[in-house]
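Worksheet for the structure shown next.
We did not get these values from a lab; they are worked out from the coordinates using the rules stated. Every value quoted in this text rests on a predicted model; they were computed, and no experiment measured them. Glycine gets a Cβ as well: all are built from the backbone with ideal geometry, and neighbour counts include every protein chain shown.
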Amino acid sequence: MTPDEFVESVREDNDTALSRLSSSKSLYAATGGELESEEVLHAAADAEHAAAETFADWAADEGTDTPAGETFADAADQEREHYETVLGELGEHEPSDDVSAMQAYLRDLDTTVERVGGMVGRVLATEKSKEQYTGFFTGQADPMTASTFRDLKDDLEGQLHDARDLLAEVCEDEADWETAKDAADAAIQAAYDEYTEQLESMGVNPKPVC
């Protein structure tokens, strides 16, 4: 398997989950139904902060003198920048002690192969949420903030490129590719399961109405 085939396989196998995570209901779930600009920004800040912490922990564990450690450290730095960017829109923010189900899953991954797979899953799921942040602030007639989130989404392409390169380096056989794939799928599924549970707890049907 090639890295490009890997990413395409993850996208295809998780098409339904990724599609629903890209719906407008995702922000409703993330904010507990409080679709106000400040609440949306708080949710975004928590997500960026948690991602930075996860990648930083991975980098420290792998060692920054390794390809994986360097990749994770770069991702951590970028997510810290994202957090600071969101703070620039929000002002003060105290990061939540609670992390998303996806971040909790990622933090339990032990091997480099699993972590790289999990990174791919996280990027694909997070791209969808960035689209919703952009759409929300466009709808709020706030093009500057919408543009900010559009830029953050663009940065994720770089993370995905780095993850692809790392996959080619750490996956030595078919078993490694399968391990990475399982981690990517599970990261997306964790995000989707949480999305579903949050909406159902508020009496909202998580499935699209046709």
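Here is how the numbers come out for the structure above:
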read-out: Test result for GLY69, buried (at least 16 other Cβ atoms within 10 Å of the Cβ), part of a helix (DSSP H, G or I) and not acidic (Asp, Glu); value: yes
read-out: Condition broken by ALA141, with the remaining ones in (1) on the phi > 0 side of the Ramachandran plot; (2) touching an Asp or Glu at 6+ places or on another chain (Cβ under 8 Å) satisfied; value: (2)
read-out: Qualifying residue in segment 42-49 (condition: more than 16 Å from VAL120 (Cα to Cα) and outside any helix (DSSP H, G or I)); value: no
read-out: Conditions (1) surrounded by fewer than 19 Cβ atoms within 10 Å (Cβ to Cβ); (2) small (Gly, Ala, Ser); (3) more than 20 Å from ASP15 (Cα to Cα); (4) under 17 Å from the mean Cα position of the chain (by Cα); number of the one not met by ALA101; value: (3)
read-out: Total residues in segment 166-178, condition out of contact with any helix residue (DSSP H, G or I) (no Cβ under 6 Å at 6 or more places or on another chain), surrounded by fewer than 20 Cβ atoms within 10 Å (Cβ to Cβ) and not charged (D, E, K, R); value: 1
read-out: Identity of the residue in segment 179-210, in contact (Cβ under 8 Å) with a residue 40 or more places away in the chain and part of a loop (DSSP other than H, G, I, E, B), that ends up surrounded by the most Cβ atoms within 10 Å (Cβ to Cβ); value: PRO206
read-out: Cβ pairs under 7 Å, 6+ apart, first in segment 30-47 and without any contact (Cβ under 8 Å) to a residue 40 or more places away in the chain and surrounded by 15 or more Cβ atoms within 10 Å (Cβ to Cβ), second aliphatic (A, V, I, L, M) and in a helix (DSSP H, G or I); value: THR31/VAL40; THR31/ALA43; ALA43/ALA30
read-out: Residue match in segment 144-161 (condition: in a helix (DSSP H, G or I), touching a helix residue (DSSP H, G or I) at 6+ places or on another chain (Cβ under 7 Å) and of a type in the set (Gly, Ala, Ser)); value: yes
read-out: Only listed residue being touching a Phe, Trp or Tyr at 6+ places or on another chain (Cβ under 7 Å), closer than 20 Å to GLN189 by Cα and of a type in the set (Lys, Arg), chosen from ARG115, ARG122, ARG107; value: ARG115
